[in-house]
Each structure stands twice: as C-alpha cells, then as structure tokens.
Amino acid sequence: MSHEKPLLISRIIYKNDFNIALAVFKFKKYRIYNGLYKYHCGISVLKQKVIRQSNINHIIDETQKKEEEKQQAYILVDKDMLNLIPVDKRILNLATKVDFKVFAEDEKTHMSLFLQADSVIDKEKKSKLKYAEKIYALESEKDKYDNFLENHLQSILRDNSLSLDEKTDIIYAASSDLTHKLYANPDALENATLSENIVKPMLDTIIHNENTISSYLKIIEYDYYTHTHSLNVSVYALCLGNELNLDEEKLTSLGRAALLHDIGKSKIDPKIVNKQGKLTQEEFEMMKNHPTYGYEIANSYKIEDKNILEGIYQHHEKLDGNGYPNKLSDKEIGLFPKIISVCDIFDALTTRRSYKSAMKSFEALTLMKTTMNSHLDASILNTFIKMLHK
C-alpha cells in the first residue's frame, strides 16, 4: 500500500523531537485545519530563532482579505497528519463504530476530521460518506485499521446490497492490506489466526458462487510484490481446490498454505528477493532455502496441520525429481504443493515486474503445458485451465 500525504502540504520547514511539525499550506486551504488542532500553542515555537516568519498571524487570525488568500500559511500540525493511509470507505459504510480517527477529503472542503476515534457511524455519517472523494486514517493507527479490516471482512458477505463483483473487489483490497501486514511482520505469532481470517471470506465467496473466479480475475493485482503474489496464489488455489472438490476444511488449509507459501523469503536478503533480473547461481542457492525457512516459520506459529506445512515446504518440488529442497518425485509430493505449484507459476508468469512484462494467460498456460510438463501434475494443470476458461 502506498502512503499518501495530504495534498495541502507544500513543504515541511521545521520539525522537532516532539509530535509536531511546521508545515506550509496555501492559506485558503488551511482554514479547515483550524478545527483539528489548537494552533495558538505553536506560536512560541514559531518565535524561536530557528524560524523567523513575518506572517505568523495567520495562525490565529482567520479574517483575511481576498487578496491574501493566495499567501502561504505557516501552521503547526501533528506529525502524524503528514503520513496518512487510505481507508476503504465501502467497508467503513458497513461498520457501526471505529476506534481510530478518520479523515475525509472532498472537492469542497479538502481535508477534514470526519470521525473521532471510538465514534459511532450513524446514518448521517454514512450518508456523508457518499460525498467524500477519499478517506484516510493516521499511519500511526494502522494497526487499529488492520484489526478493523480483519473484523469486518465477514460483514461484506452478509451485505445483500453488494454484487458479487463488488464483494470480491472489497475483500481482495482488504485482504491485500492484511497480507502486506502479515509479510511485513513474518515472526508475529498472531499470523496463524490472521492467515485464516484472510482466507475464510475469500473461500466463502468461492464456494457459494459459481462465477467467483471471473470476478477475482477482474481485480487481481498484476504488479508483482511478494504479498500480492501470495494473495493471488491463495485465490487461485482456493478456486482450483474447489474445482477438485476438496471439502471446506481442506480448502481453508489449502488457502492458508498458499498464502504463506513464500513467507520464508522474509529470511532471505531483500537484495536477492527484489533483484531485477536473473539471480546468480550463488544467489539462487540462497533463494532455494526459502521453503525450509517458511516451514520453520509456520512451525513457530504452532501450525500443526500437516497439509499446510507440506504445501509451504514442497511447493518448489517437481514431478521429475529436479525440484527443491529435497528433490522429491511425483508420488512423494503432496496434493497441496502440487496445486500451489501450478498457481504459483501461473501468477509469476502473468504479473509484471520492473525487468519483464507480464505474459498473457494463453502464453503462460502454453508454456506450462509444453516446457513444464515434467514438473507439474498434468491432471491438476488441466483442471486449472478449464477453470480459467469457464
């Protein structure tokens, strides 16, 4: 997720060790902030020798002439206001309460405090949400927003006013945020629960709707990042597992294994993981450790499901015995890693990277059928192809 800064800020001209910063704003856009912070407390800071400005009266005097509106305003703001994260207002619309501050940006008022922390989201607020172009939370309260997403994913499924396409779009966007959190904090023990909470809403849309895969294909992120790749592989694996008639319990485990299949890359040097271009043989040997690292991390989460552990550990094994880490052959490789391997390769081929373009689905599937036929389970690959062309 990319962090966005309020458009009103021109530049920062002063920071100190406290939670404040001096920011430069166009004055006519500044007034909305008067309701957010008490700026008179910053006058003493402005008068320090560090900063000498002649128009500090802008902080306390809102009565300005028309011609002065083009001037800049020097105002004291909370440093957190300089780092905001986007909030999906569609999920906000389904909630009844938030425990973090919410800011709204629209064409008329620009940026304003929309909801205080621990506010109830009543009908009036939900009505006003329609007119907000963008909604933000403070980056410092990201953990609270992530918990909010995690707790409200299931409510999306119960909202009959949303179409299947809308539901999958909201769930995928929220799941992408949560998967980013999971991969950013790979050693967090709560990741076991988080992985299940990410998978379950996606699984519910898949097992209760025949056309879910087409809905997800419309919105899957085709720029390669480890967390979006892992989420995509999980989506594909859940759909493929459903086509293979796995029961709900196994599908949940499969989705979690797919989501966590690359978690071991967190133990590899980021310069190798994010390298633009082909790895050297030495770098590739180091990269080949990630299934083992992933298996160890999953064990640290106290995951005892053999299928999940197997899916993570074996997803780079090949039917001809030339895979890694253990050079297992066909019958030694479990069902989960065989499924994940197909989904993993397809997503890797069809996503963009800085050094390569994405393949079209047909090109990727042709490559997989012709040059990887000794690596992949033919029956599973054929089912995957039929699923994509439904």
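Yes/no matrix, rows are residues, columns are (1) surrounded by fewer than 21 Cβ atoms within 10 Å (Cβ to Cβ); (2) part of a helix (DSSP H, G or I); (3) without any contact (Cβ under 8 Å) to a residue 40 or more places away in the chain:
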{"site": "ASP165", "(1), (2), (3)": "yes, yes, no"}
{"site": "ALA173", "(1), (2), (3)": "yes, yes, no"}
{"site": "THR193", "(1), (2), (3)": "yes, yes, yes"}
{"site": "ASN197", "(1), (2), (3)": "yes, yes, no"}
{"site": "HIS227", "(1), (2), (3)": "no, yes, no"}
{"site": "ALA237", "(1), (2), (3)": "no, yes, no"}
{"site": "LEU240", "(1), (2), (3)": "no, yes, no"}
{"site": "LEU251", "(1), (2), (3)": "no, yes, no"}
**Request:** Name the residue, out of GLU296, GLU282, GLU317, GLU310, that is at pLDDT 95 or above, of a type in the set (D, E, K, R) and outside any helix (DSSP H, G or I).
**Result:** GLU317
**Asked** Got at least one residue in region 117-131 being without any contact (Cβ under 8 Å) to a residue 60 or more places away in the chain and either buried (at least 20 other Cβ atoms within 10 Å of the Cβ) or within 18 Å of VAL235 (Cβ to Cβ) (or both)?
**Response** no
**Asked** Restricting to region 180-191, what's the tally of residues that are assigned to a loop (DSSP other than H, G, I, E, B) and either more than 14 Å from the chain's Cα centre (by Cα) or modelled with pLDDT of 95 or more (or both)?
**Response** 5
**Selected residue [free of Cβ contacts under 8 Å to residues at least 24 places away in the same chain, farther than 19 Å from HIS152 by Cβ and either touching a Cys at 6+ places or on another chain (Cβ under 6 Å) or among the small types (Gly, Ala, Ser) (or both)] from ALA257, ALA188** = ALA188
**Asked** In region 326-345, is there at least one residue being part of a loop (DSSP other than H, G, I, E, B), farther than 22 Å from GLY241 by Cα and in contact (Cβ under 8 Å) with a residue 24 or more places away in the chain?
**Response** no
**Request:** Give region 207-230 a look and list any residue that's farther than 13 Å from ASP169 by Cα and among the hydrophobic types (A, V, I, L, M, F, W, C), or say none.
**Result:** ILE207
**Request:** Check ASN299, ASN322, ASN307 and return the single one that is in contact with a Ser or Thr (Cβ under 9 Å, 6 or more places away or on another chain) and loosely packed, with under 14 Cβ neighbours inside 10 Å.
**Result:** ASN322
**Request:** Would you point out which residue out of ASP177, ASP204, ASP223 is assigned by TED's automatic domain parsing to the domain that holds TYR355, within 21 Å of ASP88 (Cα to Cα) and over 18 Å from the mean Cα position of the chain (by Cα)?
**Result:** ASP204
**Item:** Pairs where the first residue, in region 275-293, is closer than 14 Å to GLY264 by Cα and the second is acidic (Asp, Glu), C-beta under 8 Å, 6+ apart
**Value:** MET286/ASP269; HIS290/ASP262
**Prompt:** Out of all the residues in region 356-366, is one or more closer than 18 Å to LEU244 by Cα and acidic (Asp, Glu)?
**Reply:** no
**Message:** Every residue in region 345-361 that is surrounded by 15 or more Cβ atoms within 10 Å (Cβ to Cβ), of a type outside the set (A, V, I, L, M) and within 22 Å of the chain's Cα centre (by Cα), please.
**Reply:** PHE346, ASP347, THR350, THR351
**Fill in**
Taking region 147-163 and keeping residues in a loop (DSSP other than H, G, I, E, B) and either more than 20 Å from ILE213 (Cα to Cα) or among the charged types (D, E, K, R) (or both) leaves ASP159, SER161
**Message:** If a residue must be out of contact with any His (no Cβ under 8 Å at 6 or more places or on another chain), in contact (Cβ under 8 Å) with a residue 24 or more places away in the chain and assigned to a helix (DSSP H, G or I), how many such residues does region 132-146 contain?
**Reply:** 6
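The values are calculated or read from the model by the stated rules, or taken from the named source; none is laboratory data. Because the structure is a prediction, the values reported are computed rather than measured. Because the Cβ atoms are built from the backbone with ideal geometry, glycine has one as well, and the counts that use them run over all protein chains shown.
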